[in-house]
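Comments concern the structure below.
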Amino acid sequence: MTARQLPVASPRQVRRAAAVLIRRDARAFTTLIVLNALAAAAGLVSPWLLGRIVDAVGAGEGTRTVDRYALVIVVCALAQFLLTRQARFVGHRFGERTSARIREQLVDRVLALPASAVERAGTGDLAARGTADVPEVSTTLRDAGPDVFIATVQIVFVLGAVFALDVRLGVCGVLGLLGIGFATRWYLRRAHGDYLAEGAANSAMAEMLSATASGARTVEAFGLQERRVAACDEAVEHSRRTRTRTLFLRSVLFPAVDVSYVVPVVAVLLVGGALLDRGAVSLGTVVSCALYLRQLDTPLDSILRWVDQLQSSGASFARVEGLGQEPAADPGPGRFPAGDLIEVTGARYAYDGGRDVLHGVDLTVRPGERLALVGPSGAGKSTLGRLLAGIDRPHTGEVTVGGVPIAALGPDELRRQVVLVTQEHHVFADTVRDNLRIAAPAATDDQLRAALAAVGAEWVDELPGGLDTELGTGAGATRTDGARSQQLALARVVLADPHTLILDEATALLDPATARHTERALAAVLEGRTVIAIAHRLHTARDADRVAVLDDGRLTELGTHDELVARGGAYAGLWRSWHGGEPPTRAPHPRPPGDQADSITL
């Protein structure tokens, strides 16, 4: 199954989302505009007064006039400094608050994504958006945004001042800046798509490296090292090519802009000199215009220094905002499951347009029933388990609970109905209490301890802080091994309290003694619930109410253990192959030496 990229927002959607963020903190944004305008206005005084000083000296005025102008210049420079400082302070506060809102929104949207979308995207795409794209946007809001806004206001005011002094010199200055305009336009027409391609390549690389690292043992077991290394090299090379492309854009833009800086100043001095010879302008006016245009270096440098960041963060914002474009699960207006009956009707499924791996499966799971799914490797057991858990949706047929398609249920409602338990687990860098309350936010400490006891996790009481012990890998945190991590995951299942559990190697990481202890404890908790076990070892099927046999994506047999053994069909053959002898009845019998259960005993 290949990963599918999550949606990316269009430029229009990004602009609309940015406008929403601005409106949510409109007061700070308005203050930011006013402060920047005042700072830019204060910065216009100095060049104009320097021109007046030149004219005053040329007219033979005394030092008193020069001193008076110089004092005003100092006061205005100090005012500009204070206003700019306050504007940056307000801008950074605005950026941090807006960044926090984006992070919170990202978490809410990720948690609201349908399970199928998360599974299809893989961990790489989500990880890249959360750990690379969000910080990119945050940097822009905190640093680049205020700097660019201040610089833009300064440029507008400076050009306005030049035109106010002399329209002809203002036209010269604007024409001299056209080179920057052409270079920037060339860059912007290419940058957005190239930065989106770079972000997608980074996501693909992260997914490839993550999948290879997490499946390292499987890769080694099947001798796939060279193939995986080649695939990783290809992903890294693709990422390198996209980065080289954006680097090329910058290598063209920046030199062209550096040359364009001096053109307007030279143009004003040449045209101004010609006008001065004709007596059309004063020397002070030419000097003031040249100084104004020279002042453009600082704001233009600021903008061009951040333009690369702005394009990169624009692409990042499109990827972050794109999570909101993924269709949410929707069971339909007013539709909620009416009961716990699970029905599979004519289900066909194929991964990403490939050949069908399930072929017209029909199955009914009665409330409270304990059903085992068995079959040879590749028969479609785990795929059917994913359909039953609502992770995937059949392309033909239906999988419903209480008459409602399981895959259409929202995450909260789905968790109350059906939970898939696998050997995969995660321990968050937080306390034991908060790790458990993910499944039941309102659970009391007594309920948490009861859930831990149900899965045999009494070791929590021996931790330094009990339920308040910090888990994770940081300083002062307590590390948990695979067995303890899986027990915490199983305790969450107890707290979630679904009516149906789908078990796929749920205790595979536990040692045999711990696995048996956990199974015995959970057996009492699961009493009365529907349990669907993907049985990789047939003792699970022997203890089930019914056994469903899959072969090549088809349901070939369905019945009790004894019935299927008596038929002498595929299940009887599997049982004889696994047990190594004549098929016994369902009477209890000792497990083979060293046998480790891979799912809860039925």
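Summary table below
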read-out	value
Residue list for region 420-445, filter: of a type in the set (D, E, K, R), within 29 Å of Ala533 (Cα to Cα) and out of contact with any helix residue (DSSP H, G or I) (no Cβ under 6 Å at 6 or more places or on another chain)	Glu424, Asp434, Arg437
Condition met for Val137 (of a type outside the set (Asp, Glu) and closer than 30 Å to Ala267 by Cα)	no
Whichever residue in region 217-256 is over 29 Å from the mean Cα position of the chain (by Cα) and under 28 Å from Ala191 (Cβ atoms) and, among such residues, is surrounded by the most Cβ atoms within 10 Å (Cβ to Cβ)	Leu253
Residue check, Phe89 surrounded by 18 or more Cβ atoms within 10 Å (Cβ to Cβ), under 23 Å from Ser313 (Cβ atoms) and either assigned by TED's automatic domain parsing to the domain that holds Ala200 or out of contact with any helix residue (DSSP H, G or I) (no Cβ under 6 Å at 6 or more places or on another chain) (or both)	no
Residues within region 360-382 that are touching a strand residue (DSSP E or B) at 6+ places or on another chain (Cβ under 8 Å), farther than 13 Å from Leu555 by Cα and not in a strand (DSSP E or B), tallied	5
Filter pass, Val344 being modelled with pLDDT of 90 or more and of a type outside the set (D, E, K, R)	yes
Residue within region 498-506 that is buried (at least 24 other Cβ atoms within 10 Å of the Cβ), assigned to a loop (DSSP other than H, G, I, E, B) and either on the phi > 0 side of the Ramachandran plot or at pLDDT below 85 (or both) present	yes
Members of region 452-497 that are of a type outside the set (A, V, I, L, M, F, W, C), surrounded by fewer than 19 Cβ atoms within 10 Å (Cβ to Cβ) and under 27 Å from Glu343 (Cα atoms)	Asp497
Criterion (closer than 24 Å to Cys289 by Cα and assigned to a helix (DSSP H, G or I)) met by exactly one of Ala100, Ala28, Ala77	Ala77
Residue check for Thr246: at pLDDT 85 or above, assigned to a helix (DSSP H, G or I), within 27 Å of Ser99 (Cβ to Cβ) and not acidic (Asp, Glu)	yes
Meets criteria (touching a residue at least 60 places away in the same chain (Cβ under 8 Å), closer than 26 Å to Ala117 by Cα and not acidic (Asp, Glu)) for Ser382	yes
Selection status of Leu448, closer than 24 Å to Asp352 by Cα and assigned by TED's automatic domain parsing to the domain that holds His499	no
Matching residues in region 448-459 - criterion: being touching a helix residue (DSSP H, G or I) at 6+ places or on another chain (Cβ under 7 Å) and either in a loop (DSSP other than H, G, I, E, B) or at pLDDT 90 or above (or both)	Leu448, Val455, Gly456, Ala457
Complete set of residues in region 167-181 that are within 13 Å of Val262 (Cβ to Cβ) and within 44 Å of the chain's Cα centre (by Cα)	Gly176, Leu177, Gly179, Ile180
The lone exception for Gly60 - which of (1) under 25 Å from the mean Cα position of the chain (by Cα); (2) surrounded by fewer than 13 Cβ atoms within 10 Å (Cβ to Cβ); (3) outside any helix (DSSP H, G or I) it fails	(1)
Region 66-77 residues that are under 12 Å from Val45 (Cβ atoms), paired with ones that are surrounded by 13 or more Cβ atoms within 10 Å (Cβ to Cβ) and among the polar types (S, T, N, Q) (beta carbon under 7 Å, 6 or more apart)	Ile73/Ser46; Cys76/Ser46; Ala77/Ser46
Which numbered condition Gln309 fails, given (1) crowded, with 20+ Cβ neighbours inside 10 Å; (2) under 28 Å from the mean Cα position of the chain (by Cα)	(1)
Residue in region 264-300 that is surrounded by the most Cβ atoms within 10 Å (Cβ to Cβ), counting only those that are touching a helix residue (DSSP H, G or I) at 6+ places or on another chain (Cβ under 8 Å) and charged (D, E, K, R)	Arg294
So Arg355, is it in contact (Cβ under 8 Å) with a residue 24 or more places away in the chain and either within 30 Å of Gly573 (Cα to Cα) or in the same structural domain as Ile534 (by TED's automatic domain parsing) (or both)	no
Pairs with Cβ under 8 Å, 6+ apart, first in region 103-119 and assigned by TED's automatic domain parsing to the domain that holds Leu21, second of a type in the set (Lys, Arg) and modelled with pLDDT of 70 or more	Leu106/Arg129; Ser116/Arg393; Glu119/Arg386
Residue count for region 378-396, restricted to those that are at positive phi and either under 30 Å from the mean Cα position of the chain (by Cα) or crowded, with 18+ Cβ neighbours inside 10 Å (or both)	2
Filtered residues of region 315-339 (kept if surrounded by fewer than 20 Cβ atoms within 10 Å (Cβ to Cβ) and modelled with pLDDT of 80 or more)	Ala338, Gly339
Test for Ser251: is it of a type in the set (S, T, N, Q) and either more than 23 Å from Leu300 (Cα to Cα) or touching a Gly at 6+ places or on another chain (Cβ under 9 Å) (or both)	no
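The values are calculated or read from the model by the stated rules, or taken from the named source; none is laboratory data. The structure presented is a predicted model; accordingly, all values stated were derived computationally and were not measured. So basically every Cβ, Gly included, is an ideal-geometry build from the backbone, and we count neighbours across all protein chains shown.
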